[in-house]
1. From the set of residues in the range 56-84 that are among the acidic types (Asp, Glu) and in contact with a helix residue (DSSP H, G or I) (Cβ under 9 Å, 6 or more places away or on another chain), which is modelled with the lowest pLDDT?
2. State all residues of the range 1-29 that are part of a strand (DSSP E or B) and among the basic types (Lys, Arg); if no residue qualifies, say none.
3. Evaluate the following for LEU22: is it at pLDDT 90 or above, within 22 Å of LEU107 (Cα to Cα) and touching a strand residue (DSSP E or B) at 6+ places or on another chain (Cβ under 6 Å)?
4. Need pairs with beta-carbon distance below 7 Å; first residue closer than 24 Å to GLN73 by Cα and surrounded by 12 or more Cβ atoms within 10 Å (Cβ to Cβ) and within the range 19-45, second among the hydroxyl-bearing types (Ser, Thr, Tyr) and at pLDDT 95 or above; sequence gap 6+ or separate chains.
5. When you go through ASP87, ASP43, ASP16, ASP53 one by one, which is the residue that is at pLDDT 95 or above and more than 10 Å from the chain's Cα centre (by Cα)?
6. If you take the residues in the range 66-110 that are assigned to a loop (DSSP other than H, G, I, E, B), out of contact with any strand residue (DSSP E or B) (no Cβ under 7 Å at 6 or more places or on another chain) and among the β-branched types (Val, Ile, Thr), which one is surrounded by the fewest Cβ atoms within 10 Å (Cβ to Cβ)?
7. Please enumerate the residues belonging to the range 69-111 that are under 18 Å from THR30 (Cα atoms) and of a type in the set (Ser, Thr, Tyr).
Amino acid sequence: MKLVLIFLNKIEYLEDILSAFLENGIPGATVLSSEGMGHLIGDSIPIFAGLKDAFAGSSPENKLIISAVKASQVKMIKDIVEDIAGDLDQPGVGPIFSLPVDQAFGLRTEE
């Protein structure tokens, strides 16, 4: 089992991505509102205000999508995000990470 973390900068695609997850057998995800470090310190710490220019064009808010999935589903999740939001190698989409899950309890699983 893997824990997938998707840092989605293009939040306008959130509903489409979650719908595609359901259509492809991903039974659940948690979505959190988040803010990147560059925007946060650029707005609140005057000495770092110049960082705002480095993030021009990116959204100050992003969404963190968290889902525990079968290891075989990680590539499918990456493909779904890229099909909907764009190439992950291009700036502005956001990174995806997967981490091993040693134990999980209380998860809903598909039958």
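1. The initial filter retains those residues of the range 56-84 that are among the acidic types (Asp, Glu), namely 61, 79, 82-83.
Among the residues that remain, those that are also in contact with a helix residue (DSSP H, G or I) (Cβ under 9 Å, 6 or more places away or on another chain) are: 61, 83.
Working: GLU61: 81, ASP83: 97.
Checked the range 56-84; the qualifying residue modelled with the lowest pLDDT is GLU61.
2. Initially, the range 1-29 is screened for residues part of a strand (DSSP E or B), giving 2-8.
Correct list: LYS2 only.
3. Working: at pLDDT 90 or above: yes; within 22 Å of LEU107 (Cα to Cα): yes; touching a strand residue (DSSP E or B) at 6+ places or on another chain (Cβ under 6 Å): no.
No, not satisfied.
4. Taking only residues 6 or more apart or on different chains, the pairs are ILE26/SER67; GLY28/SER67; ALA29/SER67.
5. Values: ASP87 fails: at pLDDT 95 or above; ASP43 fails: at pLDDT 95 or above; ASP53 fails: at pLDDT 95 or above.
Just one listed residue meets the conditions, ASP16.
6. THR109
7. SER98, THR109
The values are calculated or read from the model by the stated rules, or taken from the named source; none is laboratory data. On a predicted model such as this, the values are computed, not experimentally measured, just so you know. Heads up, the Cβs are rebuilt from the backbone with ideal geometry, glycines too, and the neighbour counts pull from every protein chain shown.
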